[in-house]
There are 2 protein chains.
Amino acid sequence: MSDSPASPAPAIVLVRPQLGENIGKAARAMLNFGLTDLRLVAPRDGWPNPDAGPASAGADEVLANARVFATVPDAIADCRYVYATTVRKRDLWKPVVTPEAAARELRERALPQAVLFGAERSGLETDEVAIAHAILTVPVNPNFGSLNLAQAVILVAYEWFKAADATPASQTNYDPPAAHASLEGLYGHIDGALEDAGYYNVPSRVASTKRTLRNLLTRPGYNEKEIRTLRGIVHTLVEGRRGHRPKT
Amino acid sequence: MSDSPASPAPAIVLVRPQLGENIGKAARAMLNFGLTDLRLVAPRDGWPNPDAGPASAGADEVLANARVFATVPDAIADCRYVYATTVRKRDLWKPVVTPEAAARELRERALPQAVLFGAERSGLETDEVAIAHAILTVPVNPNFGSLNLAQAVILVAYEWFKAADATPASQTNYDPPAAHASLEGLYGHIDGALEDAGYYNVPSRVASTKRTLRNLLTRPGYNEKEIRTLRGIVHTLVEGRRGHRPKT
């Protein structure tokens, strides 16, 4: 078998692809998410195809290593588990999974595996779907379900890549909130400036207005650098005013 | 605002898209996953573009309803929360989320929201990223991270569609973030006051200082009432100053 058994990365098998451009785009989509094993079954215009390279946007290694086979069984001879992508309902009793579920399974099995994609217009033939262990279907707008080939490939590749690491990838790139004393300093600065300018002119609402101000400054969780910037801004506004104030 | 408040479906904003073909493919990707609100900022070749229709593969309604704007702030004037898609690291303190996390958040907020996508080659300018509340980054092969425009759109749209049946998560007792136009008004108010007061006195740092200010005001997600309060505070400080300024 061609894949290292240690690698769970599935082969992407394009069955009777029509346009070299779409093969190139599929290669790009694969490499975006770390897949490199491209297999072509009876590409319409032969192989290599001069339209593939430009469309791959630099995924040359994927195209260079692509292998061509005459039939689907030939292409998946080394694979232990195979998914057939299809949107149409088939009269076949097989598990039907989403790209997300398939990605989880692919990772868990960690075996040589493949995902079949049919030709641009016609998709996979029913006999080809029958060869697969399971059907992979992308959940899609029921009123507009035509995914192009490279789009279908990228969704499968993306889910495979995401499934590498169950830990959430979201992160923040900001410093933690400032010490309370810094925040208090900012609050006091603005509060004092507003007192000077006569902002608190409705006695019954002074307390709630001050609470509102405090909340406006607290909720963002500003860090030390941000608070220094805000102090500078307030200082500029206040000193600008004082600088123009007639001496009394 | 143009979106029904009941619809959480985000607007897809293509900023300075170059090729009509890519606009068409983005429209197709959107409709595949139920998104229909396409907005174009300064498309290079004008609009409509004859290359868009054939590439949309039938997503004509999305193209027919696309709206064109001169600037990003114009395009997102009605939006309450905005994501900027980018792969490059930016020197901005903003939350960074995956498409999956963004999709959950978009569903939970159920407000007019937008996702910005930059031009094919150059991506978004840093000032455009600064306008957004958060950065959306697709986890991708670090050695081959160039996603094409329609591929980036389809991954966001796909995750949005998948998140349809996620259970609603935690609620806050805050009003939702204000429309972008309100935030822009607050920013312009403070920025103008700082200009008047000579705050931007180091020419080489004007742009980054303005971005910092914008980020300080954007990140909290202030709601309409909070922004009115902040406008009042700034007005008090500025008018206090002007009230004392000698007539010239």
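We did not get these values from a lab; they are worked out from the coordinates using the rules stated. Keep in mind it's a predicted model, so treat the numbers as computed, not measured. Cβ atoms come from the backbone with ideal geometry, glycine included; neighbour counts cover every protein chain shown.
Each residue of region B:41-54 in turn: what ³J(HN,Hα) in whole Hz from Karplus with 6.51, -1.76, 1.60 and θ = phi - 60°, glycine and Pro shown as x?
Those phi angles translate into 9, 6, x, 3, 9, x, 8, x, 10, x, 7, 6, x, x Hz.
What average number of partner chain Cβ atoms lie no more than 10 Å from the Cβ of the residues making up B:139-152?
That average works out to 6.
Go from 0 up to the bin containing the longest alpha carbon distance in region A:65-133, width 5 Å each, and give me the % of pairs per bin.
3, 14, 28, 25, 20, 9, 1, 0
List, shortest first and in nm to one decimal, how far the label point of B:GLY34 (7 Å from Cα along Cα→Cβ) is from its counterparts in the other copies.
Relative to the other copies, B:GLY34 has label-point distances of 3.0 nm.
Considering the protein assembly as shown, what Rg and Dmax in Å follow from its alpha-carbon atoms?
Cα radius of gyration and Dmax of the protein assembly as shown are 26.8, 95 Å respectively.
Could you give the nm distance between label points at A:HIS180 and A:LYS225, where each point is 7 Å from its Cα heading toward the beta carbon?
Result for the modelled spin labels: 2.6 nm.
Hey, can you rank B:126-139, A:191-204 by average C-beta count inside 10 Å, highest first?
Highest mean packing first, the order is B:126-139, A:191-204.
Identify, among A:VAL156, A:VAL202, A:THR236, the residue whose Cα sits farthest towards the positive end of the charge dipole of chain A, taking +1 on the Cβ of Lys and Arg and -1 on the Cβ of Asp and Glu, with the dipole about the Cα centre.
A:VAL202
If eta is 1.567 mPa s and T is 4 °C, what Stokes-Einstein diffusion coefficient results for chain A, Kirkwood Rh from Cα pairs, in µm²/s?
58 µm²/s
Below 10 angstrom from the Cβ of A:THR212, what's the summed charge of the other residues (Lys, Arg +1; Asp, Glu -1)?
Overall, the nearby charge balance is +4.
With the label 7 angstrom out along Cα to Cβ, how close does B:GLY232 come to the same site in each of the other copies, in nm, nearest first?
Those separations, rounded to one decimal, come out as 3.0 nm.
In degrees between 0 and 90, to the nearest 10, how far off the longest principal axis of chain A does helix A:206-218 point, with axes built from Cα atoms?
Compared with the principal axis, the helix lies near 40 degrees.
Please give the length that would be gained between A:ASN215 and A:LYS94 if that part of the chain were fully extended, namely 0.36 nm times their separation in residues minus their C-alpha to C-alpha distance (nm, one decimal).
37.9 nm
So, R0 is 30 Å and r is the distance between the beta-carbons of A:ARG80 and A:ASP127; what FRET efficiency does that work out to, to 0.05?
Efficiency at R0 = 30 Å is approximately 0.90.
For B:GLY185, which inter-copy label distances result when the label point lies 7 Å beyond Cα on the Cα-to-Cβ vector, reported in nm to one decimal and in ascending order?
The projected label point of B:GLY185 is separated from its counterparts by 3.4 nm.
Can you give me the distance in nm between label points at A:VAL87 and A:ASP51, each placed 7 Å from the Cα along the Cα-to-Cβ direction?
Label-label distance for A:VAL87 and A:ASP51, simple model: 2.0 nm.
Count, for each residue of B:221-230, the Cβ atoms from other chains sitting within 10 Å of its Cβ, then give me the mean as a whole number.
2
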